[in-house]
Amino acid sequence: MSVTARALALDALERIERDGAYANLLLPEMLSRTGLAPRDRNFATELVYGGTRMRRACDFLVDRFLTRDIEPRVRNALRLGAYQLHFLAMKPHAAVGETVEVAPKAARGLVNAVLRRVAEHPVIWPDDATRLSYPDWIVAALEADLGKEAAHAALAVMNEAPSVTERADGYVQDLASQWVATAVGAQDGDRVADLCAAPGGKATLLAATGAWVAAGDIRPGRVGLIRSNAPGLAVLTADAARPPFAPGCFDRVLIDAPCSGLGTLRRRPDARWRIDAAAPARLAAVQKQLVSAAVGLLRPGGTLVYAVCTLTDAEGRGIDEHLAATSPELEPLEPLGAPWERCGRGLRLLPQAADTDGMYLLRLRRRA
Ligand SMILES: C[S@@+](CC[C@H](N)C(=O)[O-])C[C@H]1O[C@@H](n2cnc3c(N)ncnc32)[C@H](O)[C@@H]1O
């Protein structure tokens, strides 16, 4: 018998949770081995991505009616059913009946009984983190840094499937990333360093201006990705904390730093369950090293651009405060307008502002 969308989704949910598989790598690979019609592929994708994002909320929905521990596959079948009932608002006869069919045989009575009760009982959420389905620490961190209202709006938008934007050259890249590359302001003939460049999304846009672009990354495997994406660049494997260039030799330096990624959670459904609460502080220490090293590469009048796809102050405003204290020779460039908003001397883009990833961007010029 051929696999159904729900059966495939149940296998995927289990492998994502049990084996730590990445949803956005695992699912395309699983789908490629089935003969599912496009409509069923889309449904399986919705179930796997949505069921993974809303794992905590779905657990709350079913735990109200469970009186004993259940094995992981049964729990994932219940999540699948609860997701269809609550978040896809599917009719109970379809959602319950078809989910029961893919559940382990011995637990089908239980799955049926629990899902029927989920369908019948309205929910009163115990707290915002359960309702929005994020770990407590992410909700607390964004509430503290963005304010409650903006944080909840950002978290809600990141529970939706992302829009897909394709550049004129066919490269698929979120609009926010394209805006960051444009904000570097590279001109024909400029010498530009993009020192955290893999897989090369922004470096290719920088090179399209006619600038000479050195694109580096610390991880050799990822440096190969830059080469295959952008044959015309000067590609190097290097630690941006110790860049192998003479002082003052660049017109522009982009540090698109490694970060906690809390602005891109909509495109990485399992990421919220992986990132640990210590990540923002740990990464901020690295980011400070990278920007400080980059300052030394700027010619007088040269521009430093720092960007991260996250929304924590530690990795945004905090990095600017570090630079303000350690590099008085830098002054801010004119701020950009909406959908960017001012954040200290830098800018923040909330995911709800323009249906993009969330970002922090800082543009500073070395005084001539
Ligand atoms: C946000 S990603 C860059 C995305 C890329 N700029 C683009 O637009 O396609 C951050 C990159 O920084 C790299 N990285 C992390 N630490 C680094 C370091 N110390 N020096 C250079 N690259 C580093 C990671 O390997 C990763 O590829």
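Since every read-out is calculated from the coordinates, none of them should be taken as a lab result. Computed from a predicted model, the values in this text were never measured in an experiment. Neighbour counts are summed over all protein chains in view; Cβ atoms, including those assigned to glycine, are modelled from backbone coordinates with ideal geometry.
Odds and ends about this structure:
- DSSP bridge pairs, the range 175-366: antiparallel proportion in percent, nearest 5: 45 percent
- q = 0.11, 0.13, 0.24 Å⁻¹: log10 I(q)/I(0) that the Debye formula gives for the range 180-255, counting C-alpha atoms only: -0.22, -0.31, -1.07
- Positive-end extreme of charge dipole, the chain - chosen from 123, 82, 269 (charges on Cβ): 82
- Cα point-scatterer Debye curve for the range 71-121, base-10 log of I(q)/I(0) at q = 0.14, 0.28, 0.29 Å⁻¹: -0.26, -1.05, -1.12
- The label point for residue 33 and the one for residue 67, both projected 7 Å from the Cα toward the Cβ, are 4.0 nm apart.
- Separation of alpha-carbon centers, the range 329-355 and the range 52-126, rounded to whole Å: 42 Å
- Cα gyration tensor, the chain - rounded (a/c under 1.5), prolate or oblate: prolate
- For the chain, share of DSSP beta bridges that run antiparallel, in % to the nearest 5: 50 percent
- Neighbour cut-off at most 12 other Cβ (10 Å), DSSP loop, trypsin sites (Lys or Arg not before Pro), the range 281-368: 367
- Each Lys and Arg contributes +1 and each Asp and Glu -1, all at the Cβ; summed about the Cα centre of the chain, the dipole is approximately 560 debye.
- Extension gain, residue 182-residue 338: 0.36 nm per intervening residue step, less the Cα-Cα distance, totals 54.7 nm.
- Gyration tensor (alpha-carbon) shape descriptor, the range 175-366, a/c threshold 1.5: rounded
- Three-way shape call for the range 5-124 based on the alpha-carbon gyration tensor, with the a/c threshold at 1.5: prolate
- Look at where the Cα atoms of the range 239-312 and of the range 6-33 average out, and the two centres are 31 Å apart.
- Per residue of the chain, the DSSP helices (runs of n ≥ 4 H) give a summed -39500 (n - 2.57) that works out to -13500 deg cm²/dmol at 222 nm.
- Exposed loop sites were defined as GluC sites (Glu not before Pro) in DSSP loop states (anything but H, G, I, E or B) carrying at most 14 other C-beta atoms within 10 Å; in the chain the longest segment without such a site runs 161-328.
- Residues of the range 254-294 with an amide N closer than 16 Å to a point placed 7 Å from the Cα of residue 329 along the Cα-to-Cβ direction: 291-294.
- In nm, spacing of pseudo-spin labels at residue 89 and residue 175 (7 Å Cα→C-beta vector): 2.5 nm
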